[in-house]
Every structure is written in C-alpha cells, then in structure tokens.
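No value in this document is a laboratory result; all are computed from the given coordinates. Just so it is clear, the structure is predicted and the values come from calculations on it, not from any experiment. Virtual Cβ from ideal backbone geometry, glycine too; neighbours counted across all protein chains shown.
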Amino acid sequence: MRAGEVLFGVVTGLLINEASDISPWLARRLVAWAAFRRYSDPQWASTRAQELIALIDERPGKLFKLLTALGFAASAQAFDVKCRLLAWLDMTNFDQLSFIGKPFPTDRILWAWKPHWIRLTSPAAVGLAGTFALGSLSGYLDGTDLGGFWLSLCITAWLGVQGVFIRSFLRWRRPPILITDDSFAIVESRKAQVWSLNEVESVTARQSRVGRILNYGTVDIRLKSGEAIQVKSVPAPWLVEEYLVGNVMLEVRALVKTRMERNTVAQTE
Amino acid sequence: MTSPARITQPLLDVIEVLLTAWQNDEEVHGWTIMKQAKRSGPTVYGVLDRLEGAEWISGYWEAQNPEVGRPPRRFYRLTPNGLASGQQLLIERRGARRGRAAGWKPVATLRSLGCRLADGETR
C-alpha cells in the first residue's frame, strides 16, 4: 500500500468522524428550519420544531439523524415550492394580477376568468408534432454525413417550439376578463382595457357543439358607443353575461355596499 | 367532527399504530410512530397534521424526558371520536382479520371504550 493511500484513508476517516460529530447539531438546525418552512403559523412551527428536535435526539445513529433531518428539510422545501406554484397558478389570488397596473377605480376584483384549457390544445399539438418531426429529423441527420450544424439547427428549432408552448401557457393563465364592482377589463398579454359597467349595451354568449360539451364559448360584448368586443375560449360564458348585465351584478353591488357600510361603522366605533 | 381529507395507506398505518398503542395502554411519540408504521418522518407528520386537524388525535408534551439531557417529547393519543372513527375506517379498509392480527379488537375495544367513558376515564 502506498503512503498516499494510507494518508487518504486516515484523512477520510477523520473527515467522516468530524462530519458525524457535527451531524446531530446540523440535524437539529435542519429540522427547526424545516418546521418554520412547512408551517406558516409561527407558534405552531415553533411547537413542531421543538418536537422534531426531540425526535432527532431519539433517532439512533449520528449520520441517520442527519439523513432523517434532510428528509424533513427536503419535504418542507418541496411543500413550500408547491404552495408557491399553486398560488402563482391561482387566478383568484389577486396579487397575481398586479401586472395590469391596478387600472380599476377600486381594487375589488369580483370575478376573473382564465381562458378555457381548450386554448392550449393548439400550441400543445404544435409542440408535440414539432417534437416528433424534429426528433425524427435529428435521428435521420445523426446517421448521415451532413454534419453537426443541421443537428444543432434541429435542436434549436425544437427549443423554439417548446418556447412557443411555454409562452402560450404563460399567456393562458392570465384572465382575459376581469370584473370589479363597477367596471370590467379585457386583458390581452400585458395590456388591459377598462370600461365602466354602465357602458355595456348587451352581452351575448355563444357556444359551439363542442363548446357545450367542454363548457366553453365566445362572449360578444357590445358597448353603448357601438364598439364590439369579442372574447374567445371563455369557460362558462353565460356567467359573464349574467355578471355584466344580469341580476347577479346588482346583487353583488348591493352586497359590497352593505359590507363597506358595515366596515365604516365598525371603524368609527 | 371532521374527517381527514384523504384516506391513504400511510394514514391507515398511523391509525393502526395509534390503535395498537391504545389497546396496549402505551404512549407513542413521533419517532415510535415512524418506526412502527415503517414510514418516513415527513409522511408520518403529514398524517399527524391531518389527524390533529380533524380532531382524531391530540398531542401533549411530557413533563420531562426520562433520559437526562434530552428535550421533552410530544406524545399522541386518539380522541374518543378518533378511536371510534379510526376503528371503523380500519375495519372498512383493511378488514377485521388484519385488525385482530395487528393486536386491536374492534368490538372489544369499542365496548371497553364505552365502559371507560361511562366510568369517566379520560385517558
């Protein structure tokens, strides 16, 4: 055995020994961190942190303590990421609508529609077809002498196709119609056009046969100024009609007014 | 009384451990449950969160850890509602035979629970 190998063995042994000595300490820190990451209520997180520290002390084996703690930490981090992702995708979370720059006289958004998933079918089909076609082409080019340039081009084109799908998805998750207690907005990309509800002349919801089965349709909004607005792929389009010109809006307005009055009374008291 | 949102295999495992502990008059904490249920820590604590939220179990701290220098542990026990519902759930999902093999006796436990509650025992 060479001297280098002996030295390596000694150093590795020392490192493992040191690592296992700090493992319990590190494990306790990790589970406490995981508890505060996992639970939003600080009091409950503190209780759980103490409990998990006691659990780590019960768990035999220094390195096993660390592995258990890593499990808790990974799980807490995954939970946090999941929550953030769901909040990001949740269109009823009004914080996500800040991109339109608060165009409303009030910030009370009562309803927000996200386009129906049918809008994603075309980009998804293009993405799949592109993947299939470019994958086949890459396979063919790989077996020929045409060189790496064309192969690189294929991969770039494939990334472009995927980019188109991702862009469509990001656009899809934004609501095309927002209704507040006294106005409505049509959102396209990062631009929003806002009208007062009083400007609405009529609203018509149309559904094709497929739309009736899959619960989506087109909404035609005619304003008193004569302007016509058409919004496609709206889920449950009759609800827009009902909200914009039906009795629902009157009831909602009355409810908002009552709540505001109640809040004002509560604040003055 | 509410019920845990999702009935999963880890949830049934944890209930089985808690029922067995109740049957044997033992106290169980997180690490014991993990060992006996043969489930990972995050899985067990996810289940405990749900059970505690549904008020099927309650947690309590021991006054002092019997081993010197160690922090106190948090123990878990089934509430009367959790005991009845947990047993019913296990019988429905895993059958009475497996339940008996695991050490808990549904009918006897329910009867004994009735007696204990009638006697005013609050475990």
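In table form, for the structure just shown:
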quantity	calculated
Mean Cβ neighbour count within 10 Å, used as a protection proxy, ranking B:59-71, A:208-220 highest first	A:208-220, B:59-71
Inter-site label distance for B:Q9 and A:L15 at 7 Å from Cα along Cβ, in nm	3.8 nm
Theoretical gain in end-to-end length, A:L137 to A:W117 [0.36 nm per residue, Cα-Cα removed]	4.2 nm
Per-residue ³J(HN,Hα) for region A:7-15, Karplus 6.51 cos²θ - 1.76 cosθ + 1.60, θ = phi - 60°, Hz, x for Gly and Pro	4, 4, x, 5, 5, 4, x, 5, 4
Net charge over other residues, Cβ less than 13 angstrom from the Cβ of B:K38 (K, R count +1; D, E count -1)	0
Backbone HN-Hα couplings from phi across region A:40-51 [Karplus 6.51/-1.76/1.60, Hz, Gly and Pro as x]	7, 6, x, 5, 5, 4, 5, 4, 5, 4, 4, 5
Karplus 3J(HN,Hα) series, Hz, for region B:16-22 with 6.51 cos²θ - 1.76 cosθ + 1.60 (x for Gly, Pro)	4, 4, 5, 5, 4, 4, 5
FRET efficiency for B:Q64 and A:F149, using Cβ-Cβ distance with R0 set to 56 Å, rounded to 0.05	0.15
For A:S183, distant residues with modelled amide H under 5 Å away	A:L197
Interchain or long-range residues, amide H under 5 Å from B:I57's placed H	B:E52, B:T79
Local electrostatic count at A:Q207 - Lys and Arg +1, Asp and Glu -1, tallied over other residues with Cβ under 13 Å	+2
Loop-located trypsin sites (Lys or Arg not before Pro) in region B:1-102 whose Cβ has at most 15 other Cβ within 10 Å (DSSP)	B:R6, B:K38
Dipole of region A:1-53 [Lys/Arg +1, Asp/Glu -1 at C-beta], most positive-end residue of A:I22, A:A49, A:V11	A:A49
Environment charge of A:L223, counting only residues whose C-beta is closer than 12 Å and scoring Lys/Arg +1, Asp/Glu -1	-2
